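Shown next, in structure tokens, is the structure this report addresses.
Just so it is clear, none of the values below were taken in a lab; they were calculated from the coordinates. Predicted, not measured: the structure shown is a model, and the values here were computed from it. In this analysis, Cβ positions are derived from the backbone assuming ideal geometry, glycine residues included, and neighbour counts consider all displayed protein chains.
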Amino acid sequence: MTQKIRLLYFSRATRDMTLSDMKDILTAARTNNTELGICGMLCYSNRYFLQALEGDRKEVCELYLHIADDPRHDELEMISFEYIDKPIFTDWKMGYASSSPLFDKLLAHMELTEFLPEKIKPRHALALLHNLSAHQDEI
Ligand code: FAD
């Protein structure tokens with residue numbers, strides 16, 4: 001039986017991302033992830049990305065290495081890698097959220113005034129993505 005995993009990482013964008021940049025990333029992600037049986041959630045704010053990838057272990061690990069090669073970001077840091085019974089982002093091949101009043105509110109709960117993923121505990125990072133997944137940006 002294939003083992004399912006959830007991998008979380010954050011990274012720093014190498015330049016400010018425009019809406020068009022995010023559309024390019026999400027279009028490629030949604031096409032590829034559908035084929036790979038991977039789902040997840042991506043958020044972008046303050047030039048940081050935070051992403052959750054869920055799916056079969058081999059596919060997720062390979063995709064992570066592929067994404068890590070992308071010159072649009074660097075300083076990748078994996079913050080969590082866990083075996084899961086069931087994915088939680090199944091409705092999204094790659095959901096997306098960026099800065100919003102809700103985002104600010106969720107950050108304030110973690111006593112942050114700006115998005116600094118290295119200051120967020122892994123379980124809080126997952127909760128943040130899960131909360132944002134219910135209030136996504138339509139792109
Ligand atoms: P190609 O488009 O041929 O890409 C070839 C190479 O060029 C790749 O290394 C790619 O990273 C790079 N590249 C592509 N477009 C640009 C550009 N506009 N500027 C600079 N370099 C570029 N892909 C997924 O499949 N699933 C995901 O969940 C996913 N999440 C991502 C999250 C983040 C934060 C980022 C930055 C990228 C993500 N991507 C994701 C995109 C991924 O890195 C690849 O660009 C995409 O998978 C297409 O790769 P390719 O080799 O098939 O195609």
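Here are some notes:
- Applying 1/(1 + (r/R0)^6) with R0 = 30 Å to the Cβ-Cβ distance of Ala28 and Asp85 gives a FRET efficiency near 0.55.
- The chymotrypsin sites (Phe, Trp or Tyr not before Pro) of the range 28-71 include none that DSSP puts in a loop with a beta carbon having at most 13 other beta carbons within 10 Å.
- Listed by number, the DSSP H helices of the chain that run 30 Å or longer by alpha-carbon position along their axis and have mean Kyte hydropathy of at least 1.0 come to an empty list.
- Neighbour-count ranking [beta-carbon atoms within 10 angstrom, fewest first] of Arg12, Arg123: Arg123, Arg12
- With both labels modelled 7 Å from their Cα along Cα-to-Cβ, the Thr14 to Ser100 distance reads 3.0 nm.
- Sequence-separation-based contact order of the range 4-133, relative, with Cα cut under 8 Å and 6+ spacing, percent: 38 percent
- R0 of 41 Å, Cβ-Cβ distance Met110-Thr2: FRET efficiency to nearest 0.05: 0.75
- When the range 4-133 is reduced to its Cα atoms, the Kirkwood hydrodynamic radius in Å: 14.7 Å
- Environment charge of Ala68, counting only residues whose C-beta is closer than 13 Å and scoring Lys/Arg +1, Asp/Glu -1: -4
- Antiparallel DSSP beta bridges within the range 25-139, percent to nearest 5: 65 percent
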